[in-house]
Amino acid sequence: MVVYETAGSTARITINRPDRRNAINPEVVRGLASSLERAEQDETVSVAVITGAGDKAFCAGGDLEGMSTEGRVRQHLERADVGGLFEAMRASRLPIIARVNGHALAGGFGLMLACDLVVAAEGADVGTPEIDIGLWPFMITALIQRDVPRKVALEMMLTGKRMPVAEAHRWGFVNRVVEATDLDGEVDALAKDLSSKSPLIVQLGKKSFYEAEDMAVGQALDYLSGMLTVCLESEDTIEGVTAFLQKRSPQWRSR
(Lines give C-alpha, C1' and ligand atoms only; values in the text may rest on other atoms or scores of the structure.)
Protein backbone atom coordinates (compact mmCIF):
# COMPACT_ATOMS: atom_id res chain seq x y z
CA MET A 1 0.00 0.00 0.00
CA VAL A 2 3.00 2.29 0.41
CA VAL A 3 5.81 2.31 -2.15
CA TYR A 4 9.33 3.38 -1.21
CA GLU A 5 11.94 4.33 -3.79
CA THR A 6 15.03 6.50 -4.00
CA ALA A 7 16.51 8.68 -6.72
CA GLY A 8 19.83 10.23 -5.84
CA SER A 9 19.52 11.83 -2.42
CA THR A 10 15.70 11.88 -2.44
CA ALA A 11 13.44 9.22 -0.95
CA ARG A 12 9.96 9.13 -2.48
CA ILE A 13 7.18 7.63 -0.39
CA THR A 14 3.92 6.99 -2.25
CA ILE A 15 0.54 5.95 -0.91
CA ASN A 16 -0.43 3.44 -3.59
CA ARG A 17 -4.23 3.19 -3.33
CA PRO A 18 -5.49 5.23 -6.29
CA ASP A 19 -8.71 3.19 -6.42
CA ARG A 20 -9.46 4.42 -2.86
CA ARG A 21 -8.12 7.93 -3.55
CA ASN A 22 -5.11 6.99 -1.42
CA ALA A 23 -7.21 6.86 1.73
CA ILE A 24 -5.51 6.17 5.04
CA ASN A 25 -5.96 2.92 6.94
CA PRO A 26 -3.78 1.29 9.60
CA GLU A 27 -1.60 -0.43 6.98
CA VAL A 28 -0.95 2.87 5.21
CA VAL A 29 0.01 4.57 8.47
CA ARG A 30 2.42 1.76 9.30
CA GLY A 31 3.79 1.83 5.77
CA LEU A 32 4.42 5.58 5.91
CA ALA A 33 6.09 5.27 9.31
CA SER A 34 8.35 2.39 8.26
CA SER A 35 9.26 4.12 4.99
CA LEU A 36 10.18 7.30 6.83
CA GLU A 37 12.32 5.29 9.23
CA ARG A 38 14.00 3.59 6.27
CA ALA A 39 14.83 6.98 4.78
CA GLU A 40 16.12 8.18 8.15
CA GLN A 41 18.54 5.27 8.35
CA ASP A 42 19.88 5.77 4.81
CA GLU A 43 22.81 8.18 5.03
CA THR A 44 22.63 8.85 1.28
CA VAL A 45 19.12 10.30 1.66
CA SER A 46 18.81 14.00 2.54
CA VAL A 47 15.21 14.78 1.48
CA ALA A 48 11.93 12.86 1.62
CA VAL A 49 8.90 13.37 -0.62
CA ILE A 50 5.44 12.09 0.32
CA THR A 51 2.76 11.79 -2.34
CA GLY A 52 -0.19 9.75 -3.55
CA ALA A 53 -0.53 7.53 -6.62
CA GLY A 54 -2.44 8.78 -9.65
CA ASP A 55 -3.62 12.31 -10.30
CA LYS A 56 -6.93 12.48 -8.42
CA ALA A 57 -5.90 12.60 -4.78
CA PHE A 58 -2.86 13.15 -2.61
CA CYS A 59 -4.84 11.53 0.18
CA ALA A 60 -8.60 11.62 0.77
CA GLY A 61 -8.33 11.03 4.52
CA GLY A 62 -9.40 8.03 6.56
CA ASP A 63 -10.81 5.02 4.71
CA LEU A 64 -14.52 5.04 5.63
CA GLU A 65 -15.31 1.68 4.05
CA GLY A 66 -16.57 -0.70 6.70
CA MET A 67 -16.70 1.99 9.39
CA SER A 68 -20.47 2.32 9.67
CA THR A 69 -20.92 -0.29 12.39
CA GLU A 70 -21.05 1.11 15.91
CA GLY A 71 -17.58 1.32 17.44
CA ARG A 72 -15.69 0.88 14.18
CA VAL A 73 -14.57 4.51 13.99
CA ARG A 74 -13.09 4.39 17.47
CA GLN A 75 -11.35 1.08 16.80
CA HIS A 76 -10.00 2.29 13.47
CA LEU A 77 -8.48 5.41 14.99
CA GLU A 78 -6.95 3.39 17.83
CA ARG A 79 -5.24 1.08 15.33
CA ALA A 80 -4.01 3.85 13.09
CA ASP A 81 -1.35 5.63 15.09
CA VAL A 82 -1.62 8.80 13.09
CA GLY A 83 -0.37 10.95 15.95
CA GLY A 84 2.83 8.94 16.21
CA LEU A 85 3.40 9.31 12.47
CA PHE A 86 2.96 13.09 12.63
CA GLU A 87 5.38 13.32 15.55
CA ALA A 88 7.94 11.21 13.67
CA MET A 89 7.64 13.50 10.66
CA ARG A 90 8.26 16.58 12.77
CA ALA A 91 11.19 14.91 14.55
CA SER A 92 12.77 13.59 11.34
CA ARG A 93 16.21 14.84 10.39
CA LEU A 94 14.97 15.07 6.80
CA PRO A 95 13.08 17.97 5.26
CA ILE A 96 9.84 16.42 4.00
CA ILE A 97 8.06 17.74 0.91
CA ALA A 98 4.37 17.05 0.28
CA ARG A 99 3.88 16.48 -3.45
CA VAL A 100 0.17 17.27 -3.59
CA ASN A 101 -0.93 15.70 -6.86
CA GLY A 102 -4.64 15.93 -6.05
CA HIS A 103 -7.12 16.55 -3.25
CA ALA A 104 -5.79 16.54 0.32
CA LEU A 105 -8.77 16.11 2.60
CA ALA A 106 -9.41 15.26 6.26
CA GLY A 107 -6.51 13.11 7.48
CA GLY A 108 -4.85 13.67 4.11
CA PHE A 109 -4.92 17.40 4.81
CA GLY A 110 -3.24 16.66 8.14
CA LEU A 111 -0.61 14.53 6.40
CA MET A 112 0.06 17.41 4.02
CA LEU A 113 0.47 19.87 6.91
CA ALA A 114 2.74 17.45 8.77
CA CYS A 115 5.20 17.78 5.90
CA ASP A 116 7.66 20.65 6.14
CA LEU A 117 7.02 22.09 2.67
CA VAL A 118 4.10 21.75 0.25
CA VAL A 119 4.13 21.83 -3.55
CA ALA A 120 0.66 21.41 -5.07
CA ALA A 121 -0.84 20.95 -8.50
CA GLU A 122 -3.40 23.46 -9.72
CA GLY A 123 -6.94 22.19 -9.40
CA ALA A 124 -6.39 20.34 -6.13
CA ASP A 125 -8.48 21.14 -3.07
CA VAL A 126 -7.72 20.91 0.63
CA GLY A 127 -10.17 20.75 3.48
CA THR A 128 -11.72 19.12 6.52
CA PRO A 129 -15.07 17.62 5.43
CA GLU A 130 -15.43 15.48 8.58
CA ILE A 131 -18.25 17.65 9.98
CA ASP A 132 -20.52 16.56 7.13
CA ILE A 133 -20.51 12.94 8.31
CA GLY A 134 -20.71 13.65 12.02
CA LEU A 135 -16.99 13.65 12.75
CA TRP A 136 -14.47 16.30 13.79
CA PRO A 137 -10.82 16.49 12.67
CA PHE A 138 -9.52 15.98 16.18
CA MET A 139 -6.11 14.48 15.45
CA ILE A 140 -5.13 16.97 12.77
CA THR A 141 -6.30 19.99 14.79
CA ALA A 142 -2.83 20.18 16.37
CA LEU A 143 -1.33 20.67 12.92
CA ILE A 144 -4.04 22.95 11.57
CA GLN A 145 -3.70 25.31 14.53
CA ARG A 146 0.00 25.74 13.84
CA ASP A 147 -0.18 26.24 10.08
CA VAL A 148 -3.56 27.80 9.25
CA PRO A 149 -4.77 31.24 10.44
CA ARG A 150 -7.19 30.86 13.37
CA LYS A 151 -10.45 32.08 11.83
CA VAL A 152 -9.71 30.38 8.51
CA ALA A 153 -9.02 27.11 10.31
CA LEU A 154 -12.19 27.18 12.39
CA GLU A 155 -14.34 28.04 9.38
CA MET A 156 -12.85 25.14 7.44
CA MET A 157 -13.55 22.73 10.29
CA LEU A 158 -17.06 24.03 11.07
CA THR A 159 -18.31 24.18 7.48
CA GLY A 160 -16.40 21.32 5.87
CA LYS A 161 -15.97 23.41 2.72
CA ARG A 162 -13.03 22.66 0.46
CA MET A 163 -10.41 25.29 -0.36
CA PRO A 164 -8.52 25.47 -3.68
CA VAL A 165 -4.76 25.15 -3.25
CA ALA A 166 -4.34 28.58 -4.84
CA GLU A 167 -6.21 30.08 -1.88
CA ALA A 168 -4.24 27.92 0.55
CA HIS A 169 -1.11 29.36 -1.04
CA ARG A 170 -2.38 32.89 -0.40
CA TRP A 171 -2.96 31.99 3.24
CA GLY A 172 0.59 30.66 3.46
CA PHE A 173 0.16 26.96 4.22
CA VAL A 174 1.00 25.80 0.69
CA ASN A 175 4.43 26.88 -0.54
CA ARG A 176 4.04 26.55 -4.30
CA VAL A 177 1.22 25.91 -6.77
CA VAL A 178 2.10 24.81 -10.29
CA GLU A 179 0.42 23.24 -13.30
CA ALA A 180 0.07 19.48 -12.94
CA THR A 181 2.53 18.92 -15.78
CA ASP A 182 5.15 20.92 -13.88
CA LEU A 183 4.63 19.27 -10.50
CA ASP A 184 7.45 16.73 -10.69
CA GLY A 185 9.92 19.29 -12.04
CA GLU A 186 9.09 21.73 -9.25
CA VAL A 187 9.35 19.06 -6.54
CA ASP A 188 12.63 17.76 -7.97
CA ALA A 189 14.09 21.28 -8.13
CA LEU A 190 13.14 21.97 -4.52
CA ALA A 191 14.54 18.62 -3.38
CA LYS A 192 17.78 19.31 -5.24
CA ASP A 193 18.06 22.72 -3.60
CA LEU A 194 17.50 21.25 -0.13
CA SER A 195 20.00 18.47 -0.82
CA SER A 196 22.69 21.05 -1.57
CA LYS A 197 22.58 22.34 2.03
CA SER A 198 24.47 20.93 4.98
CA PRO A 199 22.47 17.94 6.26
CA LEU A 200 23.65 18.72 9.79
CA ILE A 201 22.53 22.35 9.72
CA VAL A 202 19.22 21.40 8.08
CA GLN A 203 18.64 18.91 10.89
CA LEU A 204 19.54 21.42 13.62
CA GLY A 205 17.46 24.13 11.98
CA LYS A 206 14.35 21.99 11.52
CA LYS A 207 14.57 20.72 15.10
CA SER A 208 14.93 24.23 16.52
CA PHE A 209 12.05 25.57 14.39
CA TYR A 210 9.52 23.11 15.79
CA GLU A 211 10.93 23.06 19.33
CA ALA A 212 10.79 26.83 19.71
CA GLU A 213 7.32 27.45 18.29
CA ASP A 214 5.46 26.53 21.49
CA MET A 215 7.89 28.18 23.91
CA ALA A 216 7.48 31.54 25.57
CA VAL A 217 9.63 34.19 23.90
CA GLY A 218 12.27 34.30 26.63
CA GLN A 219 12.53 30.52 26.79
CA ALA A 220 12.72 30.33 23.01
CA LEU A 221 15.52 32.90 22.87
CA ASP A 222 17.53 30.96 25.47
CA TYR A 223 17.00 27.71 23.61
CA LEU A 224 17.86 29.22 20.22
CA SER A 225 20.97 30.84 21.66
CA GLY A 226 22.15 27.40 22.72
CA MET A 227 21.38 25.98 19.30
CA LEU A 228 23.36 28.79 17.68
CA THR A 229 26.34 27.87 19.85
CA VAL A 230 26.10 24.26 18.69
CA CYS A 231 25.87 25.43 15.09
CA LEU A 232 28.88 27.76 15.35
CA GLU A 233 30.99 24.92 16.74
CA SER A 234 30.22 22.60 13.83
CA GLU A 235 32.71 21.87 11.09
CA ASP A 236 30.04 22.58 8.48
CA THR A 237 29.55 26.16 9.64
CA ILE A 238 33.29 26.77 9.54
CA GLU A 239 33.43 25.17 6.08
CA GLY A 240 30.46 27.19 4.85
CA VAL A 241 31.93 30.51 5.93
CA THR A 242 35.38 29.59 4.58
CA ALA A 243 33.92 28.52 1.23
CA PHE A 244 31.97 31.78 0.99
CA LEU A 245 35.10 33.85 1.61
CA GLN A 246 37.07 31.76 -0.87
CA LYS A 247 34.28 31.97 -3.46
CA ARG A 248 33.89 28.22 -3.86
CA SER A 249 31.22 25.61 -3.19
CA PRO A 250 31.28 24.16 0.34
CA GLN A 251 32.10 20.52 0.98
CA TRP A 252 29.76 19.41 3.73
CA ARG A 253 30.93 16.80 6.25
CA SER A 254 27.86 16.72 8.52
CA ARG A 255 30.03 17.35 11.53
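The values are calculated or read from the model by the stated rules, or taken from the named source; none is laboratory data. Since this is a predicted model, take the numbers as computed values, not measurements. Note: ideal-geometry Cβ built from the backbone for every residue, glycine included; neighbour counts use all protein chains shown. Note: areas computed on protein heavy atoms with side chains; ligands, DNA, RNA excluded. Shrake-Rupley method; radii C 1.70, N 1.55, O 1.52, S 1.80 Å.
When a/c is below 1.5 the answer is rounded, else prolate if a/b is larger than b/c, else oblate, so apply that to the chain with a ≥ b ≥ c taken from the square roots of the Cα gyration tensor eigenvalues.
Since a/c reaches 1.5 and a/b is larger than b/c, the shape of the chain is classed as prolate.
Would you compute, from DSSP H runs of 4+ residues alone, the mean residue ellipticity of the chain at 222 nm, taking -39500 (n - 2.57) per run and dividing by the full residue count, rounded to the nearest 500?
When only DSSP H runs of four or more count, the value is -14500 deg cm²/dmol.
For segment 162-189 and segment 226-255, what is the centre-to-centre distance using only Cα atoms, to the nearest Å?
Spelled out, the Cα-based centre of one part sits 32 Å from the other.
Which residues make up the longest stretch of the chain that has no GluC sites (Glu not before Pro) in a DSSP loop with at most 15 other Cβ atoms within 10 Å?
123-178
So, counting K/R as plus one and D/E as minus one, what does the shell of residues with Cβ under 13 Å around A212 add up to?
Overall, the nearby charge balance is 0.
Calculate how steeply helix 82-91 sits against the longest principal axis of the alpha-carbon atoms of the chain, using the helix alpha-carbon long axis, and give the answer as 0 to 90 degrees to the nearest 10.
Compared with the principal axis, the helix lies near 10 degrees.
Taking Cα pairs under 8 Å and at least six residues apart, what relative contact order does the chain come out at, in percent?
The value is 15 percent.
List, in the order given, every pair from K56/K151; K56/K192; K151/K206; K161/K197 whose Cα-Cα distance in the structure shown is over 30 Å.
K161/K197
Tell me the net charge near M156. Cut-off is 15 Å between Cβ atoms, M156 excluded, with +1 for each Lys or Arg and -1 for each Asp or Glu.
0
Under a point-charge model restricted to the Cβ atoms of Lys and Arg (+1) and Asp and Glu (-1), what is the dipole moment magnitude of the chain relative to its Cα centre, in debye to the nearest 20?
Result for the chain is approximately 140 debye, rounded to the nearest 20.
Find the accessible area per residue for the chain; the probe is 1.4 Å, ligands and nucleic acids are left out, and the unit is Å².
53 Å²
Compute the helix-to-body angle for 235-245: its Cα long axis versus the longest principal axis of the chain, expressed 0 to 90° and rounded to tens.
Compared with the principal axis, the helix lies near 70 degrees.
Quick one: net charge of D147's neighbours, Cβ under 13 Å, K/R +1, D/E -1?
+1
Report the Cα centroid-to-centroid distance between segment 1-46 and segment 199-218 in angstrom, as an integer.
That distance is 25 Å.
Probe radius 1.4 Å, ligands and nucleic acids ignored: give me the carbon and sulfur share of the accessible area of the chain as a rounded percent.
For the chain, the apolar C and S fraction of the accessible surface comes to 53 percent.
Under a 10 Å cutoff between Cα atoms, tell me which one of A243, A124, A98 has the largest fluctuation in the Gaussian network model of the chain.
In the Gaussian network model the winner is A243.
Quick one: angle between helix 150-159 and the longest Cα principal axis of the chain, in degrees between 0 and 90, rounded to 10, please.
Tilt of helix 150-159: around 30 degrees.
Provide the solvent-accessible area of T181, counting protein heavy atoms only and rolling a 1.4 Å probe, rounded to the nearest 10 Å².
120 Å²
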